[in-house]
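Take a look at the structure set out below.
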Amino acid sequence: MKFGYVTPFSRPEHRIASVEYAHTAEAHGYDGVWVPEAFGSDAFTLLGRIAGHTQRLHLSTGIVNIFSRTPALLAQSFATLDEISGGRARIGLGASGPLVIENWHGLAFDRPLRRMREVVAILRMALAGERVNFEGEFFRLKGFSLLIKPVQPRIPIYLATLKPQAIKVTGEIADGWLPIYLSADALAQRLAPLDEGARVNGRRASVIDIPMSVLTAVDNDSAVARGLCADHLAYYIGGMGTFYHELMHDIGFGEAADRILACWKSGDRAAARDQVSAAMIRELTICGTPAECVAAIERRRAAGITHILFAPPHGSSVAQVQTTLRALSPRDLGLIGE
């Protein structure tokens with residue numbers, strides 16, 4: 001079983017502590033760090049900083065969107081990250097959504113799956129050192145080639161997708177799938193479209209790496225950990241567009257999601273948090289005392305999950321993030337290399 005972590009990025013103290021988190025993770029046997037990006041700090045600056053202070057951790061965007069940078073710029077950025085890190089880069093891409101793409105970047109959120117196919121195709125060609133001549137619906141490139149060579153002959157590409165058709169495309173074109181906010185049962189139900197897509201290219205879903213991002217908080221007071229996760233879930237379900245609200249309906253938490261959304265729209269954030277059910281906390285998060293969190297990991301391992309990304313809730317303090325990374329140490333739990 002492999003463990004990675006999502007480095008917190010929402011507050012300045014977390015960005016400042018990003019190297020400290022990476023040192024802790026590397027010392028405790030974590031596989032890699034995943035750096036998100038929304039409309040705060042960018043991912044590549046933090047990854048470059050972490051790259052210069054680590055030797056082993058894989059360095060991944062988790063995720064950057066496919067609209068705000070051209071495929072050529074993405075190729076340049078990932079090739080540079082791979083070079084300066086000695087071949088530790090991983091590519092994590094997603095479509096994001098209208099809230100970010102239209103309201104923040106001022107771009108049309110148009111046919112994201114078609115765009116994703118083109119971005120991945122161009123990245124594959126450019127990072128392989130080919131001269132890119134490409135005619136697509138979104139991009140037309142002529143005679144482009146990178147003047148930098150990545151260390152890895154093929155940098156793995158991971159896609160963050162939610163809906164069956166998008167998951168199918170992931171199985172078809174990607175090396176990894178990045179699910180988020182899913183129970184173990186809901187994850188298993190989504191393997192069918194992943195496998196369907198993989199079969200297009202003559203492979204099985206079992207060859208696709210699936211780092212499952214799970215909200216994770218360790219605290220000796222279980223209520224504190226649950227409260228952090230509930231606040232985070234309420235924000236995403238109520239305040240981050242429609243995708244996560246729809247996802248909750250898809251995986252059996254629709255009634256709670258409707259209540260969360262109604263409270264959020266009314267401006268009552270505390271009430272929205274209170275509508276996050278105990279079942280949602282149990283199935284969608286790893287939180288509580290160290291022993292409770294280890295038991296939650298074991299349930300996921302028993303369900304066949306082989307790669308977990310611990311994602312601290314936005315409200316976590318630096319001390320709480322460090323506590324979580326140390327308490328769930330792959331080295332101390334004896335899970336390295338399983």
Once Lys and Arg are counted +1 and Asp and Glu -1 for all other residues with Cβ under 14 Å from that of Ala327, the total becomes -2
Straight-line reach check, Lys163, cutoff 13 Å on alpha carbons, 8 or more apart in-chain or any other chain, hits among aspartates and glutamates -> Glu246, Asp250
In nm, the gap between the two label points placed 7 Å beyond Cα toward Cβ at Glu137 and Asp185 is 3.6
Label model pair Ser145, Glu130: point-to-point distance (7 angstrom along the Cα→beta-carbon line) in nm is 1.3
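If packing is taken as the average count of other Cβ atoms within 10 Å, what order do 21-34, 97-110, 319-332 fall into, highest mean first? Walk me through the numbers on the way to the answer.
Working: 21-34: 21.0, 97-110: 14.8, 319-332: 18.6.
Averaged packing, sorted descending, gives the order 21-34, 319-332, 97-110.
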Lys142 neighbourhood, Cβ < 14 Å, K/R = +1, D/E = -1, net charge 0
Relative contact order in percent for the chain (Cα pairs under 8 Å, 6+ apart) equals 20
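Ordered by packing density, taken as the mean number of other Cβ atoms within 10 Å over each peptide's residues, highest first, how do 258-267, 275-284 rank? Please list the in-between numbers first.
Working: 258-267: 16.7, 275-284: 18.9.
The peptides rank, most packed first, as 275-284, 258-267.
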Treating only Lys and Arg (+1) and Asp and Glu (-1) as charged, each at its beta carbon, one finds that segment 91-208 has a dipole about its Cα centre, in Debye to the nearest 20, of 300
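Is there a quick way to get the dipole size of the chain? I mean about its Cα centre, with the Cβ of Lys and Arg at +1 and of Asp and Glu at -1; what is the value in debye to the nearest 20? If you can, show how the numbers build up before the last one.
Values: 35 positive and 34 negative charges, 165 e Å.
Using only the charged Cβ atoms, the result is roughly 800 debye.
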From the Cα centre of segment 1-38 to that of segment 260-338, the distance in Å is 15
Env charge @ Asp185, Cβ radius under 13 Å, K,R +1 / D,E -1, value +2
Between the residues Ala278, Thr242, Gly288, the Cα farthest towards the positive end of the dipole of segment 221-288, that dipole coming from +1 and -1 charges on the beta-carbon of Lys, Arg, Asp and Glu, is from Gly288
Taking a label point 7 Å from the Cα of Glu102 along Cα-to-Cβ, the residues of segment 213-250 whose backbone nitrogen sits under 19 Å from it are 237-247
Here Rg/Rh (Cα, Kirkwood) for the chain equals 0.95
Per-residue ellipticity at 222 nm attributable to helices in the chain (runs of n ≥ 4 DSSP H, -39500 (n - 2.57) apiece, nearest 500 deg cm²/dmol) works out to -14000 deg cm²/dmol
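A short reminder: the numbers here are calculations on the coordinates, not readings from a lab. These numbers come from a predicted model, not from an experiment. Note that we place each Cβ from the backbone using ideal geometry, even for glycine, and neighbour counts take in every protein chain shown.
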